[in-house]
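The values are calculated or read from the model by the stated rules, or taken from the named source; none is laboratory data. Just so it is clear, the structure is predicted and the values come from calculations on it, not from any experiment. Neighbour counts run over all protein chains shown; Cβ positions are idealised from the backbone, glycine included. Protein only, heavy atoms only, side chains kept; ligands, DNA and RNA dropped before computing areas. Shrake-Rupley method; radii C 1.70, N 1.55, O 1.52, S 1.80 Å.
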Amino acid sequence: MPRPLRLIAAAFALTLVTACNSASSGGSTPSSVRGVTADTIKVGGIVSMTTASGYSKKDTDLGARARYDRANAEGGVDGRKIEYLGAEDDGQDPARNLAAARKLVQQDKVFAVSPMSSVTFAGADFLDAQKVPTVGWGTLPSFCGPAHLYGFNGCLVPMPGGTLNQTWPEGLVAVLGGARGKSVALIAGDNDAGKFGIRTFTQGFKAAGFQVAYAKAVVPATSMPSDWSAYTKEILRSGPGGGAPDAVVSVMQTPYNIGLFTALKRTGYKGVISDPTDYDPGLLAKDATKQALDGVHVLLQFQPFESDSPAMRQFKADIKKAAGGKDVPLNMHMMTGYMSADLFLSIAAKAGKDLTVESFQKAADGFSDTGTLVGDRAEPKGKKESFGCGALVRLKNGRYEVAVPFKCYPPIPFG
């Protein structure tokens, strides 16, 4: 072979060897890691943007975008900007949830999914098997245990061997002036989230000293009742001596709560009413909705928007900037997206410049920080228990006020 041809062949062979070594280096070059380049990290979300009942978590996407925008403005994560693709809409449908997960991984090639917020998580096993770091609202069992799935405030529905967050029961202890001799009725939708909610909150309220007079996940999850009388009659006869319970706790979403609470008030019920979803000034635009929610105590697992901490001021500034400089009404879905993104960013930053799934997982194992909008965070603690903090707000005269301040409570064993 002539010398020039030998030199070309040798150079070509060297190029092939170098390329092969790079491709098998376990992440030493950005191109070998799904969704990671020398200067970007690709992230997507899965959110129930539309639902059959009209309930929407679309602002979860805005909250995530706000946090990623600030991270990018500050230089990204070790010099890499977050390429946030936005959230896929699963419509609260299990098949669409799995399809969204597959699209983000197989078509969009994301490194991570954050946020994930829905009452269904059919894509959980797929994302964990594909080793996709996923951060969302840990209201489903899928966030409790799988290696690659993280709840932004920990695991809220643990398996036996885990622990329970006592924010809601202890908060209502404060509202009612004690739990001794007090009864509570728990009601939820007939779906996975509702059934787990009833199971966990039944134990939590009993541990706090309440008599749990009623605890059922019976409301159709796919069609909101037009007549709530069957449910209200059963609830209002469930207390001691066949009377009304001291508190009615709904583990359901806003449209269902509006119907149930309106029906309860029409019966003349004077006890405490509470739920975990209706902290949204946008709900107050309609008089009927405002009347239904008046006096209702809403569980929060983050600092109330009424607080004036540095972290809350930063959150409000980030949301306003992401909303084009407008003062938009704040809601808990924005916080869900924001804190999902924040936990992902915090762990990714700890993983360092050589970002791989393996380095992310190693960084998560032993991660902790303090003073966030959801309290003190820690992993792998968050795989078995929540971060244990929260507050109760109450709607009064068209405005939310803090009824029980943000506080962290000792968890109890779940079994």
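Could you grab me the full set of residues in region 199-219 that are outside any strand (DSSP E or B) and either free of Cβ contacts under 8 Å to residues at least 40 places away in the same chain or closer than 19 Å to residue 159 by Cβ (or both)? Scanning region 199-219 gives 199, 200, 201, 202, 203, 204, 206, 207, 209.
Of all residues in region 49-56, one or more are open to solvent by less than 30 Å² (accessible area, probe 1.4 Å) and at pLDDT 50 or above.
For residue 244, the conditions (1) in contact (Cβ under 8 Å) with a residue 40 or more places away in the chain; (2) more than 23 Å from residue 52 (Cα to Cα); (3) assigned to a loop (DSSP other than H, G, I, E, B); (4) among the aliphatic types (A, V, I, L, M) all hold with the exception of (1).
The set of residues in region 67-80 being touching a Lys or Arg at 6+ places or on another chain (Cβ under 7 Å) and open to solvent by less than 40 Å² (accessible area, probe 1.4 Å) consists of 72 alone.
The rows are residues; the columns are (1) within 22 Å of residue 143 (Cβ to Cβ); (2) in contact with an Asp or Glu (Cβ under 9 Å, 6 or more places away or on another chain).
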residue	(1), (2)
325	no, no
331	yes, yes
337	yes, yes
342	yes, no
349	yes, yes
358	yes, no
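Taking the condition buried (at least 24 other Cβ atoms within 10 Å of the Cβ), more than 17 Å from residue 37 (Cβ to Cβ) and not aliphatic (A, V, I, L, M), does residue 60 pass? So residue 60 passes the test.
Can residue 200 be described as at pLDDT 95 or above and of a type in the set (Ser, Thr, Tyr)? No.
Of all residues in region 296-322, exactly one satisfies the criterion of being open to solvent by less than 20 Å² (accessible area, probe 1.4 Å), touching a Leu at 6+ places or on another chain (Cβ under 8 Å) and of a type outside the set (A, V, I, L, M, F, W, C), namely 297. One residue stands out among those in region 123-146 that are at pLDDT below 95 and hydroxyl-bearing (Ser, Thr, Tyr): the one that is farthest from residue 336 (Cα to Cα), which is 142. Of the numbered conditions (1) at pLDDT 95 or above; (2) among the β-branched types (Val, Ile, Thr); (3) open to solvent by 20 Å² or more (accessible area, probe 1.4 Å), residue 404 fails exactly one; give the number of that condition. Of the numbered conditions (1) at pLDDT 95 or above; (2) among the β-branched types (Val, Ile, Thr); (3) open to solvent by 20 Å² or more (accessible area, probe 1.4 Å), the odd one out for residue 404 is (3).
Criterion applied to 293, 355, 343, 284 was being open to solvent by less than 30 Å² (accessible area, probe 1.4 Å), within 15 Å of residue 154 (Cβ to Cβ) and in contact (Cβ under 8 Å) with a residue 12 or more places away in the chain, and the one residue passing it is 343. Only one of the numbered conditions (1) surrounded by fewer than 20 Cβ atoms within 10 Å (Cβ to Cβ); (2) touching a strand residue (DSSP E or B) at 6+ places or on another chain (Cβ under 7 Å); (3) under 16 Å from residue 50 (Cα atoms) is violated by residue 89, and that is (1).
Quick test for you: out of 280, 318, pick the one residue that is modelled with pLDDT under 95, over 20 Å from residue 228 (Cα atoms) and of a type outside the set (Lys, Arg).
After ruling out the rest, the residue left standing is 280.
Scanning region 377-401 for residues that are farther than 17 Å from residue 274 by Cα, among the charged types (D, E, K, R) and at pLDDT below 95 yields a total of 4. Free of Cβ contacts under 8 Å to residues at least 24 places away in the same chain and aliphatic (A, V, I, L, M) - does that describe any residue in region 133-142? No, that holds for no residue.
Taken over region 171-186, the residue count meeting the criterion of being open to solvent by less than 10 Å² (accessible area, probe 1.4 Å), of a type in the set (A, V, I, L, M) and part of a helix (DSSP H, G or I) is 1.
When you scan region 323-336, do you find a residue that is among the β-branched types (Val, Ile, Thr) and surrounded by fewer than 20 Cβ atoms within 10 Å (Cβ to Cβ), even just one?
yes
Out of region 144-170, which residues are outside any loop (DSSP other than H, G, I, E, B), touching a residue at least 60 places away in the same chain (Cβ under 8 Å) and within 20 Å of the chain's Cα centre (by Cα)? It would help to see each step written out before you state the result.
Start the filter on region 144-170 by keeping residues that are outside any loop (DSSP other than H, G, I, E, B), which leaves 149-152, 154, 163-164, 167-170.
Imposing the further condition that a residue be touching a residue at least 60 places away in the same chain (Cβ under 8 Å) reduces the set to 150-152, 154, 163-164, 167-168, 170.
The answer is 150, 151, 152, 154, 163, 164, 167, 168.
Using the structure shown, decide if residue 196 is out of contact with any His (no Cβ under 8 Å at 6 or more places or on another chain), under 24 Å from residue 409 (Cα atoms), open to solvent by 10 Å² or more (accessible area, probe 1.4 Å) and outside any loop (DSSP other than H, G, I, E, B). Yes. If you check 79, 45, 35, 75 for being modelled with pLDDT of 95 or more, within 17 Å of the chain's Cα centre (by Cα) and not hydrophobic (A, V, I, L, M, F, W, C), only one passes: 45.
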